[in-house]
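Starting off with a structure, shown below.
Just so it is clear, none of the values below were taken in a lab; they were calculated from the coordinates. Keep in mind that what you see is a predicted model, and the values were worked out from it rather than measured. Backbone-built Cβ (ideal geometry, glycine too); neighbour counts: all protein chains shown.
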Amino acid sequence: MKNIKIHREGRWILSTLLFFLALINLVVYFKFSQVILLVNIGLSIFTFIFFTYFFRNPSRTADIDDPSLIVAPADGTVVVVEPTEEHEYFHDKRLQVSIFMSLFNVHANWYPVAGTVKYVKHHNGRYYAAYRPKSSTENEHTSTVIETPLNTQVLVRQIAGVLARRIVTYAAPNKSCNSNEHLGFIKFGSRVDLFLPLDTEIFVTTGEKTVGSETIIARLKE
């Protein structure tokens, strides 16, 4: 537990939430009965604990010295492993690996590979359930392309879900990155897609759980 901190994206939200919960309880203290006050305090504690849990930021350092390995960019469940047409950047067929994050997963996102950021673009869109296939292109999303030391490009797509209303991305063109760094954060239920070359060796299957910055997803062909 000592290695778990609060993500920077949640600090302001938690501070604001604590202020309003305290204010509400103060009003209840003066206006309502002690029973209602106790119930309200209980609900306030539960709410604050839940949001604190949601914005947790575990410390993870993957000891990976093989530039061909793809590491999970997020905690969650693999919902897609299949060839698909990628129309935004590559404009050809790629292997797609998608990880769905529930409300109870860590929502920080990591770079899946070390390299140099070549492309970043945010797209406004809808808010379908993130596990649905069409969410990859029709939901609000941000796409980031990283070129590895092997000169292979990998696309990472952060996708908003039904509840998610903000995607945070720290990537910028020409920025160097490694697999232990945070790519960004998606607030509430969401999904991350990876688009890899067709000859990539995949190590995960649909339904498998992943741990961001730790689970090995695939190996790029050298």
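Fewest first, what order do His107, His182, His87, His122 take by the number of other Cβ atoms within 10 Å?
His87, His122, His182, His107
Check each of the chymotrypsin sites (Phe, Trp or Tyr not before Pro) in the range 35-111 and keep only those in coil by DSSP with at most 15 other C-beta atoms within 10 angstrom; list them in order.
Hits after loop and neighbour filter: Phe90, Phe104.
Let me ask something else about it. Which of the trypsin sites (Lys or Arg not before Pro) found in the range 1-67 are in a DSSP loop and have at most 11 neighbouring Cβ atoms, other than their own, within 10 Å?
Lys2
Can you give me the convex hull volume of the Cα atoms of the chain, divided per residue and expressed in Å³?
Expressed per residue, the convex hull around the Cα atoms of the chain is 130 Å³.
Here is a follow-up. Compute the length gained on full extension between Leu43 and Glu214: take 0.36 nm times their separation in residues and subtract their Cα-Cα distance, giving the result in nm to one decimal.
58.1 nm
For helix 34-54, what angle does its Cα long axis make with the longest principal axis of the chain, in degrees from 0 to 90 and rounded to 10?
20
With respect to the cross-link table entries Lys118/Lys187; Lys93/Lys121; Lys5/Lys221; Lys93/Lys221; Lys93/Lys187, which display a Cα-Cα separation exceeding 28 Å?
Table pairs above 28 Å Cα-Cα are Lys5/Lys221; Lys93/Lys187.
At 222 nm, what helix-only mean residue ellipticity would the chain give, in deg cm²/dmol to the nearest 500, using -39500 (n - 2.57) for each DSSP H run of four or more?
So the calculated ellipticity at 222 nm is -7500 deg cm²/dmol.
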